[in-house]
Amino acid sequence: MTASPATEVGDASRLRHQLVQQLHAHNHIRSAAVEHAFRTVPRHVFAPEVPLPVSYADDIVPTCHDDGTITGSISAPWLQAEALACLIREAQEEAGLRIERRDVELVHVVHHIDRAGDRPRMGLFFRARAWSSEPELREPDKCTRWKFWDPAALPDDLVPYTRIAIEGIKNGELYSETGWPA
């Protein structure tokens, strides 16, 4: 017997609430924006083939083809909640920029496959509304220079999924996909 749609929505809401409580208990949620995202985004729609309780566990959720082959995964919620902390730390380490959590917003997500046979990846794109200091070249083995580009005149050799994200941001879209077979 399958659950009615109303029961499933209620169960998903209850499980999202429990997940938020768990993430708070482990100090992974540190902002109202992150909490709002976890309370409102229905995690189970990204892995409809798994049971609801698995979708809302604080663990990686493998996604599979009908034959059971694992094709990718949905990141563990604690890791998703920590994305802002990683952004802030890496901006400081790699570019010398000081960014406050309150000045950052998620503006786009790209679900992409670079080449046929590659594993799917998610690219999270954030906008820093403010920062202090000027960018410094702190990792010359990974980056040769810093330059701010006009979104209407991007360089030809820009990483393809980054170009797609910038187009999505310009169009006010939060999500896009690229590289998936038709």
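Considered as a group, the residues in segment 89-117 that are among the charged types (D, E, K, R) and modelled with pLDDT of 90 or more include one that is most open to solvent (accessible area, probe 1.4 Å), and that residue is Arg98.
Once segment 151-182 is narrowed to residues that are polar (S, T, N, Q) and not in a helix (DSSP H, G or I), the residue that is surrounded by the fewest Cβ atoms within 10 Å (Cβ to Cβ) is Asn171. Kindly check whether there is at least one residue in segment 118-133 that is exposed (fewer than 10 other Cβ atoms within 10 Å of the Cβ) and either within 23 Å of Pro77 (Cα to Cα) or not hydroxyl-bearing (Ser, Thr, Tyr) (or both). Scanning segment 118-133, I find no residue that is exposed (fewer than 10 other Cβ atoms within 10 Å of the Cβ) and either within 23 Å of Pro77 (Cα to Cα) or not hydroxyl-bearing (Ser, Thr, Tyr) (or both), so the answer is no. Going through (1) at pLDDT below 90; (2) open to solvent by 70 Å² or more (accessible area, probe 1.4 Å); (3) of a type in the set (Lys, Arg) one by one, Arg138 falls short only on (1).
Which of the residues that make up segment 65-79 are modelled with pLDDT of 80 or more and buried (at least 16 other Cβ atoms within 10 Å of the Cβ)?
Across segment 65-79, the qualifying residues are Pro77, Trp78.
Cβ separations smaller than 7 Å between residues 6+ apart or across chains give the following pairs from segment 125-150 residues that are part of a loop (DSSP other than H, G, I, E, B) to residues that are charged (D, E, K, R) and open to solvent by 100 Å² or more (accessible area, probe 1.4 Å): Trp131/Arg98; Ser133/Arg98; Leu137/Arg145.
Scanning segment 7-31 for residues that are under 12 Å from Asp58 (Cα atoms) and in a loop (DSSP other than H, G, I, E, B) yields a count of 2.
The values are calculated or read from the model by the stated rules, or taken from the named source; none is laboratory data. Being a predicted model, the structure only gives us computed values, none of them experimental. Positions of Cβ are generated from backbone atoms using ideal geometry, with glycine treated the same way; all protein chains shown enter the neighbour counts. To get the accessible areas, we keep the full protein, side chains included, count just its heavy atoms, and leave off ligands, DNA and RNA. Shrake-Rupley method; radii C 1.70, N 1.55, O 1.52, S 1.80 Å.
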